[in-house]
Amino acid sequence: MALIPMRVLLDHAAENNYGVAALNVNNMEQIQSIMEAAEETESPVIIQASRGARSYSNDNYLKHLMLAAAELYPHLPIAMHLDHGNSAATCFTAIEQGFTSVMMDGSLEEDGKTPASYEYNVAVTKEVVNVAHKIGLTVEGELGCLGGIEDGHGAGLTGDEALAHLTDPKQAEEFVKRTGVDALAVAIGTSHGAYKFTKKPTGEVLKMSVIEEIHKRLPNTHLVMHGSSSVPQELQDIINKYGGEIKQTYGVPVEEIQRGIKHGVRKINVDTDNRLAITGAIRKVFAETPTKFDPRDYLKPARAAMKEVCKARMIAFGQAGNALKIKPVTKRKMIDFYSK
Ligand SMILES: [Zn+2]
């Protein structure tokens with residue numbers, strides 16, 4: 001199947017009450033891990049690349065790796081999504097490169113750091129929606145600010161500061177009405193990166209209740225949870241056992257994500273868990289067999305470790321088993337849908 005607009009996947013997820021992991025990639029091995037996991041679990045796929053990934057791997061390499069995935073797995077629906085576009089121009093270059101979905105993150109200014117005004121967010125998001133919908137592509141917006149920084153993107157808020165920038169449900173309703181976004185990333189106290197919570201999160205710091213409130217007001221908008229790696233203890237332990245120094249940290253428990261899925265969450269961004277899995281596997285090879293120097297000797301186990309994380313999330317979020325049930329929808333059909 002050719003790469004399809006993300007909205008097609010999210011609509012199917014909403015109709016059938018499941019969520020889809022949106023997995024970040026920077027290189028061939030990560031794309032292979034995701035596609036193998038999707039193949040084994042019959043999962044629809046959202047692969048996303050940040051600005052950092054695009055500059056690390058170069059758009060041309062990324063584009064052709066994604067086309068290779070679509071060619072190798074013609075039966076699996078795949079959306080290729082831009083994570084955290086910082087400006088309309090960034091979104092438009094992604095579209096030019098073949099992305100089928102873009103995130104316009106107008107919650108921050110173009111520097112990707114300074115929290116932006118609400119009016120700026122509405123205007124810039126609407127500008128992207130106007131262009132993307134005319135060609136049948138999907139747009140995700142963001143309202144509120146998450147904690148942390150990843151890939152140079154983020155306001156760098158601490159956990160407490162992030163709690164002061166939660167998404168306001170009433171404003172969310174107005175934002176979606178004014179911009180026409182397909183999906184909305186919400187701030188509920190999570191952070192990007194590995195260091196999200198200093199202990200297992202309770203409702204005091206992880207505000208799942210905000211999601212429930214937003215979903216009540218916007219039952220037809222696909223909600224997105226960012227910074228939603230679970231940061232499993234065993235992945236931290238492997239890294240530290242083989243010479244790493246990851247400070248004890250806690251992520252978003254899978255049960256909380258599943259609760260979100262019951263309340264309109266359709267896309268869940270997971271990056272850190274895959275990074276941890278890759279690093280742990282590579283450290284293990286280096287520590288146990290220091291004589292090895294063929295990159296394949298450590299990239300193969302790295303790829304296998306990431307695949308296991310992807311499979312576990314695909315099963316937990318309920319997307320497993322759904323790939324073959326999704327009918328391909330052409331961009332033309334989506335254009336007609338938006339022009340109604
Ligand atoms: Zn994010």
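FYI, it's all coordinate maths here, none of it is from the lab. The model shown is predicted, which means the values in this text are computed figures rather than measured ones. Cβ atoms come from the backbone with ideal geometry, glycine included; neighbour counts cover every protein chain shown.
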Q) Limited to the stretch 193-205, what total is found for residues that are within 16 Å of the ligand (Cβ to nearest atom) and either without any contact (Cβ under 8 Å) to a residue 24 or more places away in the chain or surrounded by 24 or more Cβ atoms within 10 Å (Cβ to Cβ) (or both)? A) 1
Q) Looking only at the stretch 126-145, which residues are in a strand (DSSP E or B) and either more than 16 Å from the ligand (Cβ to nearest atom) or under 24 Å from Ser55 (Cβ atoms) (or both)? A) Thr138, Val139, Glu140, Gly141, Glu142
Q: Confirm whether Ile211 is more than 16 Å from the ligand (Cβ to nearest atom), buried (at least 19 other Cβ atoms within 10 Å of the Cβ) and free of Cβ contacts under 8 Å to residues at least 60 places away in the same chain.
A: no
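Among the listed residues Arg266, Arg303, which satisfies the condition of being among the basic types (Lys, Arg), in contact with a Leu (Cβ under 6 Å, 6 or more places away or on another chain) and crowded, with 17+ Cβ neighbours inside 10 Å? Before the answer, list the steps.
On the way: Arg303 fails: in contact with a Leu (Cβ under 6 Å, 6 or more places away or on another chain).
Exactly one of Arg266, Arg303 is among the basic types (Lys, Arg), in contact with a Leu (Cβ under 6 Å, 6 or more places away or on another chain) and crowded, with 17+ Cβ neighbours inside 10 Å, namely Arg266.
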Q.
Can you name every one of the helices (runs of 4 or more DSSP H) wholly within the stretch 16-116 that holds 1 or more residues which are within 16 Å of the ligand (Cβ to nearest atom) and either touching a residue at least 24 places away in the same chain (Cβ under 8 Å) or of a type in the set (Lys, Arg) (or both)?
A. 51-57, 88-96
Q. How many of the residues making up the stretch 146-182 are surrounded by fewer than 23 Cβ atoms within 10 Å (Cβ to Cβ), away from the ligand (no atom under 12 Å from the Cβ) and either of a type outside the set (Asp, Glu) or part of a loop (DSSP other than H, G, I, E, B) (or both)?
A. 17
